[in-house]
């Protein structure tokens, strides 16, 4: 499957089976009790104000930005009677889905990846969003690359009220939790800023971190890092196939700061 085809699907349907196992499996996908490989001390995240500025210490030059005024970057507009819809309205990208997982990236970046022109291995991925309904998790991902036992794999950084995690995920719905916490406060219906850093260190290990509303929440290290790949937006429903409504306000990809 070409990367832009993955973009167009949003995967509420194509990945509908990926998270559809038993209840325990889907509890893990949406933020259940899978043990973390490394879990820092819990951090309480306060409610975000209307605007949270980017952390200058973490960000360098901008690589990509989308304010979701329209679909010029090729995220895709979908209206599926079984799995839900995506649309652009009032300056937001709007998800109303009932699949298991929604996984979406802009076609313009997928095209660059296919042509061998994408350079987004070390990045800071940032999204502003509001969860209007649903008990699942939302977030961002980085380094979507081919996998040996699934077509694609990636690092995802997801959160909801009372849960946040950094995970290695793939197209088959397999989740390897790298870090998680159950002590975050993110009330539904209020704006949320998710910022994830994916940066290789001098030893070649991937240093992964999650910031919510300007507060550092989680860190993890992967000594078998994924390579250069496409970033994008992520969500899992919980319970599986329960309706989830999300408004994405902005999406940016930056080089990491010095």
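The values are calculated or read from the model by the stated rules, or taken from the named source; none is laboratory data. Just so it is clear, the structure is predicted and the values come from calculations on it, not from any experiment. No Cβ is skipped: glycine too gets one built from the backbone with ideal geometry, and neighbour counts run over all protein chains shown.
Of all the listed residues (102, 150, 127), the sole one being surrounded by 24 or more Cβ atoms within 10 Å (Cβ to Cβ) and closer than 28 Å to residue 201 by Cα is 127. Of the strands (runs of 3 or more DSSP E) lying entirely inside region 80-195, the ones with 1 or more residues being modelled with pLDDT of 95 or more are found at 84-89, 92-97, 123-133, 137-146, 152-160, 163-170, 175-181. Picking from residues in region 56-69 that are surrounded by fewer than 18 Cβ atoms within 10 Å (Cβ to Cβ) and farther than 18 Å from residue 129 by Cβ, the one that is modelled with the lowest pLDDT is 57. If you filter region 57-79 down to residues that are under 16 Å from the mean Cα position of the chain (by Cα) and assigned to a strand (DSSP E or B), you find that the one that is farthest from residue 253 (Cα to Cα) is 66.
Among the residues making up region 228-258, those that are closer than 17 Å to residue 105 by Cα and surrounded by fewer than 20 Cβ atoms within 10 Å (Cβ to Cβ) are 228, 247, 249, 250.
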